[in-house]
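Down below is the structure, laid out as structure tokens.
The values are calculated or read from the model by the stated rules, or taken from the named source; none is laboratory data. Keep in mind the model is a prediction, meaning the values are calculated, not measured. Please note: Cβ atoms are built from the backbone with ideal geometry, for glycine as well, and neighbour counts cover all protein chains shown.
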């Protein structure tokens, strides 16, 4: 028991490992989801863009663009389970300051609560979007040139807005409250990070 406490304290960030996992997985989730929706938008607008691709000598077809959208959406759904799991594990280990307020007027505990609930909501939405995308690809629009409905693309853009708000809550946790930020924790402990790191 004492060994694990010493190891957690030795990392300086309050975690049993040196670099937080959740923020790295978050960016992977974001990138995969954004690329998936972006390529589906480009593919849906392909008839307008075809002359540009031809002029630039880019051998793109709408089916290839849709493939990129589909596989990135599947990857986003899979990785988001790990992102949320890592987030909850790291929230359990968090020791946020209780005397601070975020720019949105929330305390650290409220921010963590909303960030956790938002993570589960986004996981559900990404999985739902993946199922919706799969049904369009293999059942509803299988024989059509445009694989996705405009409503699907619009829903993806709305999820972008939710991701922005959710990501801002996460940024408040790290940037404003210093949750799992080594330098912030050292400074709050009265230790100079320049000499300790």
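Some points to look at:
- Matching residues in region 104-115 - criterion: being surrounded by fewer than 16 Cβ atoms within 10 Å (Cβ to Cβ) and assigned to a helix (DSSP H, G or I): 109, 110, 113
- When region 128-150 is filtered for residues that are crowded, with 16+ Cβ neighbours inside 10 Å and within 27 Å of residue 26 (Cβ to Cβ), the ones remaining, listed by number, are 129, 130, 132, 133, 136, 137, 148.
- Note on region 144-197: residues that are more than 29 Å from residue 106 (Cβ to Cβ) and either in a helix (DSSP H, G or I) or at pLDDT 65 or above (or both) amount to 14.
- Within region 1-72, helices (runs of 4 or more DSSP H) holding 3 or more residues that are at pLDDT 85 or above and touching a helix residue (DSSP H, G or I) at 6+ places or on another chain (Cβ under 6 Å): 22-44
- Boolean, residue 87 is at pLDDT 80 or above and surrounded by 16 or more Cβ atoms within 10 Å (Cβ to Cβ): yes
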